[in-house]
Amino acid sequence: MIVAEQKPLDEIKAMIADYEKILIVGCGTCVTVCFAGGEKEVGILASSLRMATKLDGQNKEFLEATVQRQCEYEYNEEVAEQIKEADVILSLACGIGVQTLTEQFPEKLTLPGLNTTFLGQPTEQGVWAERCQACGDCVLALTGGICPIARCSKSLLNGPCGGSQNGKCEIDPDIDCAWQLIYDRLKALDKLDLMMQIKPVKDWSTGRDGGPRRIVREDLRLEAAS
Ligand code: SF4
Ligand code: SF4
């Protein structure tokens, strides 16, 4: 899922300084699961901002709404009337949700209330960890299902580097060395021969280095057009 966290309150206050009626829009999908931008967080942020702006002597109104998935137009239609009423939108979705609202309601400014951080998974209560960098050419079949791009601090394709110590990464002793994990996993699978295969230089054009990416499914487009 997409993992995000709320921006500091002072930063949000500065962003909304010029507006009186602010609509806070949460998202019911990834950012609800990571407790950053769901209905509950919208309510808490609205209360905090009401209190903080009142203490600052400002007269602002905060409206609240949460849609099921802010990255899709059809769900955002449900808040179209509330958006008309507001001076500005404060989105508690990931950056995709913010940009979807921006495209869909160009007459209103949509501000980001969250910092979108990574694609990850919850590993224990209150902890999320990065698992994928959406490189567009998945190598998990060669690495026992452990991503060297997202989980090795140097994104090495032919690790480990010389700094791995006792299974931990030299960059941060709290991080497992991804290549130690890969070695252990391949050993358990009796597939250590994969460690010995030199992976060629990766073609990063399928990743961000190739510019903004798009997936086009012609069958679905044709179906929608018919
Ligand atoms: S290899 Fe690429 S697509 Fe596969 S998990 Fe890692 S970053 Fe994601
Ligand atoms: S110690 Fe392991 S995870 Fe850290 S940079 Fe080296 S190979 Fe990558």
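The values are calculated or read from the model by the stated rules, or taken from the named source; none is laboratory data. Keep in mind that what you see is a predicted model, and the values were worked out from it rather than measured. Note that each Cβ is placed from the backbone with ideal geometry, even for glycine, and that neighbours are counted across all protein chains shown.
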If you go through segment 172-204, how many residues are surrounded by 10 or more Cβ atoms within 10 Å (Cβ to Cβ), of a type in the set (A, V, I, L, M) and in a helix (DSSP H, G or I)? 7
Of all residues in segment 146-160 being of a type in the set (Gly, Ala, Ser) and under 23 Å from the mean Cα position of the chain (by Cα), the one that is farthest from ligand 2 (Cβ to nearest atom): 150
Under 8 Å between Cβ atoms, at least 6 apart or on separate chains: pull out the pairs that start in segment 205-223 with a residue that is surrounded by 11 or more Cβ atoms within 10 Å (Cβ to Cβ) and end on any residue that is among the aliphatic types (A, V, I, L, M) and assigned to a helix (DSSP H, G or I). none
Of the residues in segment 44-80 that are of a type in the set (Gly, Ala, Ser) and surrounded by 15 or more Cβ atoms within 10 Å (Cβ to Cβ), the one that is farthest from residue 8 (Cα to Cα) is 65
Where the second residue is within 10 Å of ligand 1 (Cβ to nearest atom) and modelled with pLDDT under 95 and the first is under 16 Å from residue 129 (Cβ atoms) and hydrophobic (A, V, I, L, M, F, W, C) and lies in segment 144-171, which pairs have Cβ atoms under 9 Å and are six or more apart or on separate chains? 149/202; 149/207
Test each condition in (1) more than 30 Å from residue 5 (Cα to Cα); (2) of a type outside the set (S, T, N, Q); (3) within 14 Å of ligand 1 (Cβ to nearest atom); (4) in contact with a Gly (Cβ under 8 Å, 6 or more places away or on another chain) for residue 191 and report the one that comes out false. (3)
For residue 163: the one exception among (1) in a loop (DSSP other than H, G, I, E, B); (2) within 14 Å of ligand 1 (Cβ to nearest atom): (2)
